[in-house]
């Protein structure tokens, strides 16, 4: 409390001093707080306090302009970080809005979404069916070649290199087809997930329109 009283007295004395010694300049003066927390005033701000908060006051002592103190590097970095987060959030909102517009323009109802989903899943199912059919044929061919190689070995001979290469090639094709089927099954699951999300979003957007 004592310190505050001293600060106020210093401030009043500074104003009076300006009014008496420099009447032509007293109409406008600047005030700042020094390193000891004491408010000082003058016609210009000393360089060492130029980064602090500065008040410009009129003849009556009323504040007519305030210059905020310079921000610290930590504050500047935080402002930049928050600006970047806002940009990212704004971009997400804009992207979602774009997706919503496409969704509403593409489908007139939930039935359309389900039909397109089923269509895409069925196309992949057709590919899987064909791949399985090919593997069945390859498995039969492989069995014949393996039997042939086994008969040759039973006679104490070594199967021809070409025969062994054919067996290896068919085994590779079968394994490749199996991996392809696994990938296609995953594609079907992704389609189901995506369309489930689209359907839920579509319902949300339609409900919002009804409430309006």
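The values are calculated or read from the model by the stated rules, or taken from the named source; none is laboratory data. Just so it is clear, the model here is predicted, and its values are computed rather than measured. Every residue, glycine as well, gets a Cβ built from its backbone with ideal geometry; the counts of neighbours run over all protein chains shown.
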Self-check item: Matching residues in segment 165-194 - criterion: being farther than 17 Å from residue 125 by Cα and in contact with a helix residue (DSSP H, G or I) (Cβ under 7 Å, 6 or more places away or on another chain)
Solution: 166, 167, 170, 171, 173, 174
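Would you point out which residue out of 134, 114, 177 is surrounded by 15 or more Cβ atoms within 10 Å (Cβ to Cβ) and under 30 Å from residue 193 (Cα atoms)?
Testing whether each residue is surrounded by 15 or more Cβ atoms within 10 Å (Cβ to Cβ) and under 30 Å from residue 193 (Cα atoms) leaves just 177.
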Quiz item: When you go through 197, 189, 169 one by one, which is the residue that is loosely packed, with under 14 Cβ neighbours inside 10 Å, more than 30 Å from residue 102 (Cα to Cα) and at pLDDT 95 or above?
Solution: 169
Practice problem: Quick one: which residue in 99, 80, 147 is out of contact with any helix residue (DSSP H, G or I) (no Cβ under 6 Å at 6 or more places or on another chain), part of a helix (DSSP H, G or I) and within 23 Å of residue 188 (Cβ to Cβ)? | Solution: 99
Quiz item: Does segment 14-32 contain any residue that is loosely packed, with under 12 Cβ neighbours inside 10 Å, in a loop (DSSP other than H, G, I, E, B) and at pLDDT below 90?
Solution: yes
